[in-house]
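Working notes, structure below.
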Amino acid sequence: MIITDIIIILLLFISGYLSVTFLKPGKEDNFINILTALPFGAGSWSLIWIFISFGLDALSISDNRLTTIVSITAYSLISLYSAVKNFQAVWQKRYFMIFSVVLTAALVFVINLFDSSIIFGDSYSFITWTHRVKDLAGKGFPLFGLSMSNLSALIRPDYHVFAFYPLININLVMLIMFMTVKENGENKYLRIAFPALLILLFSTNFSFVMHTFYVNHHALTAVYLLVFSEYIMNSKTVRCYRESIFVLLTASFLTFIRMEGMIISISVLFFIFYRSGIKNSIRKTAMGIYALFSLVFTGMLMSSLWHNARFSSARYIFAWITFAMFFFITEIMIRKRAGLIKFVRPLFYTGVILVFLILFITNYGHMSQSSSNYLSNVMNTEYWGISNIVLLLISSGVVFYRLKKSLFFKVYDPLAYSFIYFILLIIIISVLRSPYQLRWADSGNRMFYHFIPLLVVWAGRSLIDLTSARNK
């Protein structure tokens, strides 16, 4: 069992690292490339497997083992291409990569000693490799888990790589630390102390332990959002077409890992590409490719969800049409007046607030129940300990201090705006289903884990920055 886990995870890790270093060749990204390798490798595998599976199903070929063999061939060829095209860069970092491979294998070994997994609800659909892809999608389940089960079954039948989930949560913690210490503080001890204390706060509660061993993809969703955090902030832009492919692929992984993933991905892409410093050609190409990808994805969901009353395919069609219209209207306006691009992101932030308020007025009963239950869940100390309460107090203190000192905008502030945006968006999405419920397993409460790392990083960077002499 340990050997099987090590083989599968190292396959995903090495392939992911080769692809990420090819798409993001900058030397400054080396450490984050290592942290991104496993999530990216897993997302790439899932993307390939799902599309090949739907393609073969369209040809009336419903053989998961054949799908997996074809997929692993394509996956290996892509990894080989990345290695050949970027051989010199990979060779220069070979010792760092070897150390990372050994460390990853050691972590898998330690995780297996715990021999712990939490399986309930949706988990059963993720660990059964024999499901037909359209049948599972037709029930409203994301297909990422099915692709992982089939990869596991290729090496060992009726087996699932359970070590993947704790390892991804370790990735998440390390990404939070890395993203936070990048803030330039004058006191090197505080640069370590603040992130360490916030991570301790984040990781010492029931929900963190659950998501570490829970066979689901909330931690992985959080990782993908954190990968985007540097681009969401104003500290970094997409520099070239290869890097835009990296962003697009990560958005694609986010699209099919959760049923609400496409709405989140669309928001993230607008945050990243509609800002100053991005070449028009890169922005148009990237958004056009995603529009085409999401159209194909929507078509695949339509073919599966046509008779599903709970997850209506019409909702996905409406979401795609809304995205396409907004994309084309925005491009037309920017072509006439380029300066309007700086208003796109604020338009999203204010737009979600207006939609929230309109729905609250027009559908008061549903929205008030969902909002109340959602807030009760995320502030419940049995589920989250004191983590969210303390984070709220720290964030409030930071905002109060900055208002007092007239420090109105910082480069990391879009993380806080995005956190608020996604919380409101998740509550808005509840109108498409029954109101959120008072329990830990409620989907709204579990989705909170996707976004809370954004606030942790923002709080950490704020504390490091505001304790510097330049802000006193």
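The values are calculated or read from the model by the stated rules, or taken from the named source; none is laboratory data. This is a predicted model, so every value here is computed, not measured. Reconstructed Cβ throughout: ideal geometry from the backbone, glycine too, with neighbour counts over all protein chains shown. In case anyone asks, the SASA skips ligands and DNA or RNA and just uses the protein heavy atoms, side chains included. Shrake-Rupley method; radii C 1.70, N 1.55, O 1.52, S 1.80 Å.
Remarks
- Listed by first and then second residue, the pairs with beta-carbon distance under 7 Å, at least 6 apart or on different chains, first residue in segment 450-472 and over 27 Å from I168 (Cα atoms), second at pLDDT 85 or above and part of a helix (DSSP H, G or I), are L466/V398; L466/Y401; N471/D465.
- Residue check, L292 closer than 29 Å to V223 by Cβ and among the aliphatic types (A, V, I, L, M): yes
- Identity of the residue in segment 126-154, of a type in the set (S, T, N, Q) and either touching a residue at least 40 places away in the same chain (Cβ under 8 Å) or crowded, with 18+ Cβ neighbours inside 10 Å (or both), that ends up farthest from V215 (Cα to Cα): T130
- The set of residues in segment 202-213 that are out of contact with any helix residue (DSSP H, G or I) (no Cβ under 7 Å at 6 or more places or on another chain) and surrounded by 17 or more Cβ atoms within 10 Å (Cβ to Cβ) contains only M210.
- When residues of segment 402-416 are limited to those that are assigned to a helix (DSSP H, G or I) and surrounded by 14 or more Cβ atoms within 10 Å (Cβ to Cβ), the one farthest from the chain's Cα centre (by Cα): R402
- The set of residues in segment 1-43 that are buried (at least 24 other Cβ atoms within 10 Å of the Cβ) and either small (G, A, S) or not in a helix (DSSP H, G or I) (or both) comprises S15, G16, S19, A37, G41, A42, G43.
- Residue match in segment 417-433 (condition: under 25 Å from the mean Cα position of the chain (by Cα), closer than 23 Å to M233 by Cα, open to solvent by 20 Å² or more (accessible area, probe 1.4 Å) and β-branched (V, I, T)): yes
- Taken over segment 155-164, the residue count meeting the criterion of being in contact (Cβ under 8 Å) with a residue 60 or more places away in the chain and out of contact with any helix residue (DSSP H, G or I) (no Cβ under 8 Å at 6 or more places or on another chain) is 0.
- Residue check for I264: crowded, with 21+ Cβ neighbours inside 10 Å, in contact (Cβ under 8 Å) with a residue 60 or more places away in the chain, among the β-branched types (V, I, T) and farther than 25 Å from L146 by Cβ: no
- Any hit, segment 422-437, residues being in contact (Cβ under 8 Å) with a residue 12 or more places away in the chain, out of contact with any Ser or Thr (no Cβ under 7 Å at 6 or more places or on another chain) and assigned to a loop (DSSP other than H, G, I, E, B): yes
- Of the residues making up segment 58-81, those that are surrounded by fewer than 20 Cβ atoms within 10 Å (Cβ to Cβ) and part of a helix (DSSP H, G or I) number 13.
- Residues of segment 328-344 that are of a type in the set (D, E, K, R) and touching a Ser or Thr at 6+ places or on another chain (Cβ under 9 Å): K342 alone.
- Matching residues, segment 165-197, being more than 30 Å from I119 (Cβ to Cβ), open to solvent by 10 Å² or more (accessible area, probe 1.4 Å) and touching a helix residue (DSSP H, G or I) at 6+ places or on another chain (Cβ under 7 Å): F178, V181, E183, G185, E186, L190, R191, I192, F194
- Some residue of segment 94-109 being outside any helix (DSSP H, G or I) and under 22 Å from F31 (Cβ atoms): no
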